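Heads up: the structure comes next, in structure tokens.
What follows draws every value from the coordinates through simple rules; no lab data is involved. Since the structure is predicted, the reported quantities are computational estimates derived from the model, not experimental observations. Virtual Cβ from ideal backbone geometry, glycine too; neighbours counted across all protein chains shown.
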Ligand code: NAI
């Protein structure tokens, strides 16, 4: 893993997109692709693609391009998709249920095995093939299953407290949807804060520029 430790954050951020595009090419039966073709599909420059992929030892061959299947596998390994990390989800409300049902955890290195909510009325209700457990059960569950990843879909007021508790129970990585920028001051803990609203604001920023230009003309 240390081999990838010095890769810039911007390259790492692009890897899931490479992985997704290559997965689609694989499904279409494409066996190899040049950096030029890949760049046209991904709307990145060919040199950007070469630079990015060179960070990992360059999977391409001069005059041949990239072998789609092996590049997809290599990037998958770097992303940890073969790890099968035991995963729990906290907060089985609208968002938590939607994430549990619609995100394919298995193809992304995670295996969702526990869903918890503080509301006793939800205990025993099924989300897909998992029965919701009360949060009182978290400690026991963590001792038995040692989950590595936690998905947080709870109100912001409760987020830090739950995160601290989960860290003490051995959770190492948080996919945090609560409207609270979780920054955990423990060494070796990974946090990915997700705000769909921020993505929408990036869109409105772009729309604002385009519409303003049209209005000026
Ligand atoms: P919801 O009210 O439908 O569900 C929240 C669930 O969390 C409830 O079932 C509640 O009983 C449970 N809960 C509260 N405290 C808990 C705790 N300490 N432990 C375990 N469970 C607990 O709300 P919804 O729509 O599912 O949203 C969840 C959170 O995600 C909200 O805070 C919302 O603002 C946020 N959100 C974030 C988005 C994003 O892009 N990051 C998008 C949409 C919502």
Helix 159-168 vs. the chain, principal-axis angle (Cα, 0 to 90°, nearest 10): 90 degrees
Estimated inter-spin distance, residue 111 and residue 217, nm [label 7 Å along Cα→Cβ]: 5.5 nm
Rg in Å to one decimal, and Dmax rounded to a whole Å, for segment 85-197 via C-alpha atoms: 12.8, 36
222 nm mean residue ellipticity, helices alone, for the chain (DSSP H n ≥ 4; -39,500 (n - 2.57); rounded to 500): -13500 deg cm²/dmol
Choice from 114, 124, 76 showing the highest fluctuation, given a GNM over the chain with Cα pairs closer than 10 Å: 124
The chain - percent relative contact order, Cα under 8 Å, separation 6 or more: 13 percent
Order of 38, 182, 101 - criterion: other Cβ atoms within 10 Å of each residue's Cβ, fewest first: 101, 182, 38
Convex hull per residue volume in Å³, alpha carbons only, for the chain: 175 Å³
Cα-based equivalent ellipsoid of segment 170-217: semi-axis lengths in Å, sorted from largest, via gyration tensor: 37, 9, 7
Segments 64-71, 27-34 sorted - mean Cβ within 10 Å per residue, highest first: 64-71, 27-34
Antiparallel DSSP beta bridges within the chain, as percent of all bridges there, nearest 5: 20 percent
Part-to-part distance (alpha-carbon centres) for segment 16-41 and segment 87-101, which is given in Å: 31 Å
On Cα atoms only, tilt of 196-216 relative to the major axis of the chain in degrees: 40 degrees
Alpha carbon Rg of segment 9-78, scaled by the compact-globule rule 2.2 N^0.38 Å: 0.97
With Cα atoms, 0 to 90° folded angle of helix 68-79 axis to the chain main axis: 40 degrees
